[in-house]
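The numbers here are math on the coordinates, done by the rules we state, and not lab data. Since we're looking at a predicted model, the values are computed, not measured. So basically every Cβ, Gly included, is an ideal-geometry build from the backbone, and we count neighbours across all protein chains shown.
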Amino acid sequence: MRIGVLTGGGDCPGLNAVIRAVVRKAERHHGDTVIGFHDGYRGLIENDWTELDIERCRGILPRGGTILGTSRIQPYTLHDGVERVRLTMSELGIGGVIAIGGEGSLGAARDLHDDGIPIVGVPKTIDNDIDATEMTFGFDTAVQIATDAIDRLHTTAESHDRVMVVEVMGRHTGHIAIRSGLAGGASLTLVPEHPFDIAAVCDSILRRHQRAKKYATIVVVAEGARPAPGTIDIGPAEVDQFGHERLGGIGQIVAAEIERRTGYETRVTILGHVQRGGTPTSFDRVLASRYGIAAIDAVHEGAFGQMVALRADRIIQVPLSEATGRLKTVSPDLYDAASQFFS
Ligand code: F6P
């Protein structure tokens, strides 16, 4: 069988591990040939690809990024996108496509399946916000990077008795923020699921500093965190060419308000794309490898329209329609545990 694989949306650590696993099982077990489409759906639309084999995948397991390249281009934003996907598939004799992506790419995979394209999804995003799976790969790595950064900021914050605001990724949900905040001993964590009141944030910092003379404060802010209605106005976010809001900057606003309202010297660190780069943790390498193996098996079972997912340490299949129907938000249990340590 001839199988296509693509990586779409923002990159994340572990993409190469999935590709390697797909190729290994496809070639050794099923006797397939694997085509890697360049730059996500762009390669599938424009018939731009490279052949992948075990030799080509040597050494890529620990490498961040994706050897195939990625983009946010999608078939449904072009008037003839789906037709061109069909054309590429028939010209190359592709029997099934494995789309490795986040909410946008998996949503397109769901629609392509509805339009008759044989496609299987693999959930990827450092944000961990894909529903129907307990974990996306890349998330564990991002949490570890954010935790390491918080640990480092702690020692400098203590030396200067400063407030440190750390902005982490998390577009719609606060999974990275809440876990790295809990792991790094944050004094407060602001997440999109709980709009914040800046006055309450500052009161709690003031109370904390009154309790002890030298009491460094770390505030973790998810990039998608927003003030509660009627508190402060942060203005609209910029939008990129794909209509994707360009986030990043809420940390600056929070830091400026804290310094102005409390009088405590405050610094801000925006971790940004550092969280998406570099080598995946062993957890992510293992999860990505298991997803890759399960995805190629799903293609051979004809389980099109399905996404591979992690549940209770087993890799299962769930319909793409179920996985993309809504986002997975931070659970109240986890938020409650983290909030026990606030200020
Ligand atoms: O969706 C993953 C993510 O890392 C978000 O947390 C972030 O908002 C976004 O990608 C940034 O993407 P880019 O800068 O590549 O457009």
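Structure summary
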{"item": "Residue among Ser282, Ser204, Ser159 with the largest mean-square fluctuation in a Gaussian network model of the chain, springs linking Cα atoms under 10 Å", "result": "Ser159"}
{"item": "Span from the segment 3-17 Cα centroid across to the segment 317-336 one, whole angstrom", "result": "21"}
{"item": "Cα-based helix-to-principal-axis angle, 81-92 vs the chain, degrees rounded to 10", "result": "50"}
{"item": "D_trans [Stokes-Einstein, Kirkwood Rh over alpha-carbon pairs] for segment 53-127, 25 °C, 0.890 mPa s, µm² s⁻¹", "result": "176"}
{"item": "The chain - share of DSSP beta bridges that are antiparallel (%, nearest 5)", "result": "30"}
{"item": "DSSP bridge pairs, segment 138-277: antiparallel proportion in percent, nearest 5", "result": "10"}
{"item": "All-pairs alpha carbon distance profile, segment 140-277, 5 Å steps from 0, percent", "result": "2, 11, 21, 25, 20, 13, 6, 2, 1, 0"}
{"item": "Ordering of 9-18, 61-70, 86-95, 322-331 by packing [mean C-beta count within 10 Å, highest first]", "result": "9-18, 61-70, 322-331, 86-95"}
{"item": "Candidates Ala303, Ala26, Ala312: whichever shows maximal mean-square fluctuation once the chain is modelled as a Gaussian network with Cα springs under 10 Å", "result": "Ala312"}
{"item": "Listed residue (Ser90, Gly104, Ile45) projecting farthest to the positive dipole end of the chain, Cβ model", "result": "Gly104"}
{"item": "Neighbourhood net charge (13 Å Cβ-Cβ; Lys/Arg +1, Asp/Glu -1) for Asp240", "result": "+1"}
{"item": "Kirkwood estimate for segment 109-212, i.e. one over the average of 1/r between Cα atoms, Å", "result": "16.0"}
{"item": "Span from the segment 207-281 Cα centroid across to the segment 123-169 one, whole angstrom", "result": "13"}
{"item": "Kirkwood hydrodynamic radius of the chain, from inverse mean 1/r over distinct Cα pairs, in Å", "result": "20.9"}
{"item": "Point-charge dipole on Cβ atoms (K/R +1, D/E -1) for the chain, about Cα centre, debye to 20", "result": "960"}
{"item": "Angle in degrees between helix 175-184 and the longest Cα principal axis of the chain, rounded to the nearest 10", "result": "50"}
{"item": "Cα long-axis angle, helix 198-211 against the chain (0 to 90 degrees, to the nearest 10)", "result": "60"}
{"item": "Candidates Val166, Val219, Val85: whichever shows maximal mean-square fluctuation once the chain is modelled as a Gaussian network with Cα springs under 10 Å", "result": "Val85"}
{"item": "Helix-only [θ]222 nm of the chain, DSSP H runs n ≥ 4, -39500 (n - 2.57) each, per residue, nearest 500", "result": "-12000 deg cm²/dmol"}
